[in-house]
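J.: Got a structure for you, questions after.
The values are calculated or read from the model by the stated rules, or taken from the named source; none is laboratory data. Remember, predicted model here, so these are calculated numbers, not experimental data. Ideal geometry is used to build each Cβ from the backbone, glycine not excepted, and the neighbour counts take in all protein chains shown.
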Amino acid sequence: MHLFTYRNGELYAEEVPVKKLAETYGTPLYIYSYTTLLKHFLAYRDAFDRVPHIVCFALKANTNASVLRLIANNGGGADVVSGGELFRALRAKIPSKKIVYAGVGKTEGEIRYALKSRILMFNVESGDELIEIDRLAGTMKVKAPIALRVNPDVDPGTHAYIATGLKKNKFGIPIEEALEYYKLAQNLKNTKIIGIHKHIGSQITKVSPFVDALKKVLLLMDALQGRGIQVRYLDIGGGLGITYKDEDPPLPQDLAKSLIPMLKGRNVTLILEPGRSIVGNAGILVSQVLYLKKRAEKYFVIIDAGMNDLMRPSLYGAYHHIQPLEKTVRKTICADVVGPICESGDFLAKDRELPALKRGEFIAVMSAGAYGYSMSSRYNSRPRSAEVMVKGKEHSLIRRRETCYDLIRGEHIPDFI
């Protein structure tokens with residue numbers, strides 16, 4: 001569900017014409033629908049209301065402060081994977097006791113920052129990390145709340161780059177070895193075991209991988225209980241997919257219907273880590289057609305947004321629907337939609353059937369709210385785009401467009417040059 005729809009042939013973001021936003025704020029431009037974001041978040045919150053739970057939004061998908069404040073205002077938590085994401089979550093007023101911290105490479109400074117902030121728990125990814133967290137907690141005279149991230153070796157059926165729950169992936173501890181690591185944690189003086197964590201991947205379009213992974217985790221939980229290790233939090237990760245092209249992913253209520261019965265009789269608080277499924281279809285990227293180029297039978301539509309603005313097509317070969325802001329009767333062309341970056345990999349679509357576009361008109365790249373701005377860069381010294389949020393007839397700039405002076409901020413030329 002989203003609120004980017006045509007009205008009398010013109011694309012609207014909620015109650016505002018997208019063309020008006022493009023002309024007001026310039027392009028490339030990310031636009032988010034407040035109402036869509038809220039509905040997607042509440043869909044998780046309401047679907048799991050029969051069990052104690054926390055919806056911890058995955059900041060990696062979108063870190064804009066306004067998005068995070070919306071999550072905080074509606075009782076949400078945060079899934080973070082860096083000190084920077086932790087800083088953003090706290091600054092957006094997400095309670096520290098609703099923050100979980102994953103990631104395979106937590107540094108000493110990041111661990112100390114999280115301990116000082118009194119987060120809910122660390123999702124620990126290796127034995128070395130477990131020992132380091134215990135050591136640092138000891139120096140700070142605190143107890144570190146931990147869960148072990150277990151790798152259940154379940155194939156999520158998604159792109160190899162975003163599958164995280166297989167044995168060959170770098171994430172987590174093999175589930176068959178987890179009991180030994182929990183026993184190690186039990187004997188450490190400065191850690192407190194409070195949970196189990198698993199996350200098998202992203203853009204998953206079936207419920208069955210979640211069910212298969214949870215079955216394995218529950219067997220581990222039973223084994224832990226048999227050894228006197230009580231688990232209070234069960235973090236099942238995120239990963240529910242969205243519709244980019246023709247996918248038909250399950251809804252949060254479908255996930256809840258399958259998973260909640262499996263938790264009957266278990267005194268645990270469930271933690272969910274959705275990201276893409278909350279913000280993905282709640283955002284679009286608007287760009288302007290700069291030039292049209294024809295070589296033999298090949299068309300190129302050259303736009304002012306590139307791989308530095310939206311990395312997913314270049315990185316994953318990901319599909320994003322592209323449409324003009326004005327829906328009119330026109331012929332169809334087959335074209336590559338490319339940006340201004342000096343790389344052959346700079347494209348947003350290849351061999352795409354499109355309405356014949358005109359120089360100067362605006363286009364919308366749909367489903368760009370997740371892993372869009374958060375993965376953007378300044379490659380080719382291109383200032384990053386602006387971001388806008390729309391609520392009904394209101395719209396507001398929630399991140400200004402960068403300038404060339406932002407590109408050089410923090411640089412220093414030494415005296416010996």
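J.: Going by the structure shown, is Phe122 among the hydrophobic types (A, V, I, L, M, F, W, C), part of a strand (DSSP E or B) and in contact (Cβ under 8 Å) with a residue 60 or more places away in the chain? First the steps, then the outcome.
T.: Details: among the hydrophobic types (A, V, I, L, M, F, W, C): yes; part of a strand (DSSP E or B): yes; in contact (Cβ under 8 Å) with a residue 60 or more places away in the chain: no.
Criteria not met by Phe122.
J.: Looking at Ala144, is it buried (at least 21 other Cβ atoms within 10 Å of the Cβ) and either without any contact (Cβ under 8 Å) to a residue 24 or more places away in the chain or not assigned by TED's automatic domain parsing to the domain that holds Tyr233 (or both)?
T.: No: the conditions fail for Ala144.
J.: Another one. Can we say Ser377 is among the small types (Gly, Ala, Ser), under 19 Å from the mean Cα position of the chain (by Cα) and closer than 18 Å to Gly280 by Cβ?
T.: no
J.: Then there's this: So Lys106 ticks every box in (1) in contact with a helix residue (DSSP H, G or I) (Cβ under 7 Å, 6 or more places away or on another chain); (2) crowded, with 17+ Cβ neighbours inside 10 Å; (3) assigned to a helix (DSSP H, G or I) but one. Which box is left unticked?
T.: Lys106 satisfies every listed condition except (3).
J.: On to the next question. Just to check your reading of the model, which residue among Ala335, Ala349 is under 24 Å from the mean Cα position of the chain (by Cα) and either crowded, with 17+ Cβ neighbours inside 10 Å or at positive phi (or both)?
T.: Ala349
J.: Quick one: which helices (runs of 4 or more DSSP H) sit completely within the stretch 173-291 and have at least 2 residues that are within 14 Å of Pro152 (Cβ to Cβ) and either modelled with pLDDT under 95 or in the same structural domain as Leu120 (by TED's automatic domain parsing) (or both)?
T.: Counting at least 2 such residues, we get 178-186, 208-226.
J.: Further question: Which of the residues belonging to the stretch 292-310 are assigned to a strand (DSSP E or B) and aliphatic (A, V, I, L, M)?
T.: Leu292, Val301, Ile302, Ile303 - these are the residues of the stretch 292-310 that are assigned to a strand (DSSP E or B) and aliphatic (A, V, I, L, M).
J.: Among the residues that make up the stretch 112-131, is at least one of them out of contact with any Ser or Thr (no Cβ under 6 Å at 6 or more places or on another chain), crowded, with 20+ Cβ neighbours inside 10 Å and at pLDDT below 95?
T.: Yes, that holds for at least one residue.
J.: Looking at the stretch 127-146, which of its residues are out of contact with any Phe, Trp or Tyr (no Cβ under 9 Å at 6 or more places or on another chain) and of a type outside the set (A, V, I, L, M)?
T.: Of everything in the stretch 127-146, those that are out of contact with any Phe, Trp or Tyr (no Cβ under 9 Å at 6 or more places or on another chain) and of a type outside the set (A, V, I, L, M) turn out to be Asp128, Glu132, Asp134, Arg135, Gly138, Thr139, Lys141, Lys143.
J.: Still on this model: What pairs come out if I take residues in the stretch 317-333 that are within 22 Å of Glu297 (Cβ to Cβ) and pair them with residues that are hydroxyl-bearing (Ser, Thr, Tyr) and surrounded by 13 or more Cβ atoms within 10 Å (Cβ to Cβ) whose C-beta lies under 6 Å away, six or more apart or interchain?
T.: Going by the 6 Å Cβ cut-off, the qualifying pairs are Ile333/Tyr299.
J.: Another question about this same structure. If you scan the stretch 134-154, which residues turn out to be basic (Lys, Arg), touching a strand residue (DSSP E or B) at 6+ places or on another chain (Cβ under 7 Å) and not in a loop (DSSP other than H, G, I, E, B)? Talk me through it step by step, then tell me what you get.
T.: Applying the first criterion (basic (Lys, Arg)) to the stretch 134-154 yields 135, 141, 143, 149.
When the remaining residues are screened for being touching a strand residue (DSSP E or B) at 6+ places or on another chain (Cβ under 7 Å), the result is 143, 149.
Selection gives Arg149 alone.
J.: Still on this model: Out of everything in the stretch 67-79 that is in contact (Cβ under 8 Å) with a residue 24 or more places away in the chain and surrounded by 19 or more Cβ atoms within 10 Å (Cβ to Cβ), what residue ends up being nearest to the chain's Cα centre (by Cα)?
T.: Selected residue: Asp79.
J.: Count, please, the residues in the stretch 1-55 that happen to be surrounded by 20 or more Cβ atoms within 10 Å (Cβ to Cβ) and modelled with pLDDT under 95.
T.: The number of residues fulfilling the criteria is 1.
J.: State all residues of the stretch 37-77 that are of a type in the set (Asp, Glu) and part of a helix (DSSP H, G or I); if no residue qualifies, say none.
T.: Result: Asp46, single match.
J.: Follow-up. I'd like the residue in the stretch 353-381 that is in contact with an Asp or Glu (Cβ under 8 Å, 6 or more places away or on another chain) and buried (at least 19 other Cβ atoms within 10 Å of the Cβ) and, out of all such residues, is nearest to Glu247 (Cα to Cα).
T.: Gly372
J.: Name the strands (runs of 3 or more DSSP E) wholly inside the stretch 321-417 in which the number of residues that are of a type in the set (A, V, I, L, M) and either under 21 Å from Leu3 (Cα atoms) or not assigned by TED's automatic domain parsing to the domain that holds Ile284 (or both) is 1 or more.
T.: 322-324, 362-365, 386-391, 394-399
J.: Continuing with this model, one more query. Being in contact with a strand residue (DSSP E or B) (Cβ under 9 Å, 6 or more places away or on another chain), in the same structural domain as Arg400 (by TED's automatic domain parsing) and not β-branched (Val, Ile, Thr) is the requirement here; does Pro95 meet it?
T.: In short, no.
J.: Could you check the stretch 277-313 and list, in sequence order, the residues that are among the charged types (D, E, K, R) and either farther than 24 Å from Arg378 by Cβ or out of contact with any Ser or Thr (no Cβ under 7 Å at 6 or more places or on another chain) (or both)?
T.: Lys293, Lys294, Arg295, Glu297, Lys298, Arg312
J.: Just to be sure before I move on: is Tyr371 at pLDDT below 95 and among the hydroxyl-bearing types (Ser, Thr, Tyr) in the structure I sent?
T.: In short, no.
J.: Is one or more of the residues making up the stretch 250-260 touching an Asp or Glu at 6+ places or on another chain (Cβ under 6 Å), farther than 16 Å from Thr36 by Cβ and surrounded by fewer than 20 Cβ atoms within 10 Å (Cβ to Cβ)?
T.: Among the residues of the stretch 250-260, not one is touching an Asp or Glu at 6+ places or on another chain (Cβ under 6 Å), farther than 16 Å from Thr36 by Cβ and surrounded by fewer than 20 Cβ atoms within 10 Å (Cβ to Cβ), which makes the answer no.
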